[in-house]
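Here the structure comes first, spelled out in structure tokens, and everything after it is commentary.
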């Protein structure tokens, strides 16, 4: 027995209950802070279906269909350092960029695309990159 009239077991039990109470109190404070944070985050989300529709329209015009074809432009060079890359939006609008690598120089060309067609003739490699970008199948 202690001077307070409690046994050691009773003191231990009171300390354990006190610690448990503090843990529950800390958990309640944490939950309240978390709830306030969630409410703050929810207030920043898009206002409604109109915002979602606008995001979908914007996403459709993003250049998100991409494919690259690497090749040897000249028979005497190895390493497939030349390439053609197609970058398209959902409507097939975008650009094909080609870089032809030779021993002493490298030339780069860009050809615009509207609905998957160019007003300039596309090389076989550019056509391959365009087809891969439209189909979603990556190529190298």
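When residues of segment 65-77 are filtered for being within 34 Å of the chain's Cα centre (by Cα) and either exposed (fewer than 13 other Cβ atoms within 10 Å of the Cβ) or modelled with pLDDT under 85 (or both), how many remain?
Here is the first cut: in segment 65-77, the ones within 34 Å of the chain's Cα centre (by Cα) are 65-73.
Filter again for either exposed (fewer than 13 other Cβ atoms within 10 Å of the Cβ) or modelled with pLDDT under 85 (or both), leaving none.
Count: 0.
Return yes when residue 40 is in a loop (DSSP other than H, G, I, E, B), over 30 Å from residue 135 (Cβ atoms), under 28 Å from the mean Cα position of the chain (by Cα) and modelled with pLDDT under 90 and no when it is not. Let's see the steps before the verdict.
On the way: in a loop (DSSP other than H, G, I, E, B): no; over 30 Å from residue 135 (Cβ atoms): yes; under 28 Å from the mean Cα position of the chain (by Cα): yes; modelled with pLDDT under 90: yes.
So residue 40 does not fit the description; no.
Looking only at segment 78-97, count how many residues are surrounded by fewer than 17 Cβ atoms within 10 Å (Cβ to Cβ) and touching a strand residue (DSSP E or B) at 6+ places or on another chain (Cβ under 9 Å).
Step one: of segment 78-97, the residues surrounded by fewer than 17 Cβ atoms within 10 Å (Cβ to Cβ) are 78-81, 89-93, 95.
Next cut, touching a strand residue (DSSP E or B) at 6+ places or on another chain (Cβ under 9 Å) only: 79-81, 89-93, 95.
Selection size over segment 78-97: 9.
Just checking, how many residues over segment 127-140 are within 26 Å of the chain's Cα centre (by Cα) and not in a loop (DSSP other than H, G, I, E, B)?
Matching residues across segment 127-140 total 8.
Return yes or no: is residue 29 at pLDDT below 80 and either over 30 Å from residue 112 (Cα atoms) or part of a loop (DSSP other than H, G, I, E, B) (or both)? Steps first, answer last, please.
On the way: at pLDDT below 80: no; either over 30 Å from residue 112 (Cα atoms) or part of a loop (DSSP other than H, G, I, E, B) (or both): yes.
Against the criterion (at pLDDT below 80 and either over 30 Å from residue 112 (Cα atoms) or part of a loop (DSSP other than H, G, I, E, B) (or both)), residue 29 does not qualify.
Looking only at residues in segment 100-133 that are in contact with a strand residue (DSSP E or B) (Cβ under 8 Å, 6 or more places away or on another chain) and surrounded by fewer than 15 Cβ atoms within 10 Å (Cβ to Cβ), which one is nearest to residue 63 (Cα to Cα)?
Ranking the candidates gives 112 first.
The values are calculated or read from the model by the stated rules, or taken from the named source; none is laboratory data. Keep in mind it's a predicted model, so treat the numbers as computed, not measured. Quick reminder, even Gly has a Cβ in these numbers, built from the backbone with ideal geometry, and neighbours come from all protein chains shown.
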